[in-house]
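We did not get these values from a lab; they are worked out from the coordinates using the rules stated. Keep in mind it's a predicted model, so treat the numbers as computed, not measured. All Cβ positions, even for glycine, are placed from backbone atoms using ideal geometry, and neighbour counts span all protein chains on display.
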Amino acid sequence: MKRYVGDRTIDGVKVTVDGAPLDPGVEVTEFTKNGFEWSYEGPEPRQLALALLLDHLGDKDKAKASVEPFMAAVVANFGNEWEMTSADIDSALAALSGKAVA
């Protein structure tokens, strides 16, 4: 199971997956040139949502389809430091798809 960690440091924000830097996914879609951010809705949190979903799902079309709801429901609500596992992302996506169906 993968472990995703985000932290705000004196040097800026740092996001890792299993200890390695998370690929921003700009080859799929570039929402911003400013890197990752979280705790609000906007282009930088959108880029983080895309990167998390791309890494987790391994499918660019599925990741792009879930970026907006995942960013709004999950990434926009992260605190200064956060941690998610693959299971957490699966749970969030299941909850979001359940909301869309209902």
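Key figures
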{"item": "Mean residue ellipticity (222 nm) of the chain, computed from DSSP H runs ≥ 4 via -39,500 (n - 2.57), nearest 500", "result": "-14500 deg cm²/dmol"}
{"item": "Highest-first arrangement of 45-53, 89-97, where packing means the average Cβ count within 10 Å", "result": "45-53, 89-97"}
{"item": "Coil-residue trypsin sites (Lys or Arg not before Pro) of the stretch 1-44, DSSP, other Cβ within 10 Å capped at 15", "result": "Lys2, Lys33"}
{"item": "The chain: relative contact order in percent, alpha carbon pairs under 8 Å with at least 6 residues between", "result": "30"}
{"item": "Cα-based shape type of the stretch 1-48, given that a ≥ b ≥ c are square roots of the gyration tensor eigenvalues and the cut on a/c is 1.5", "result": "oblate"}
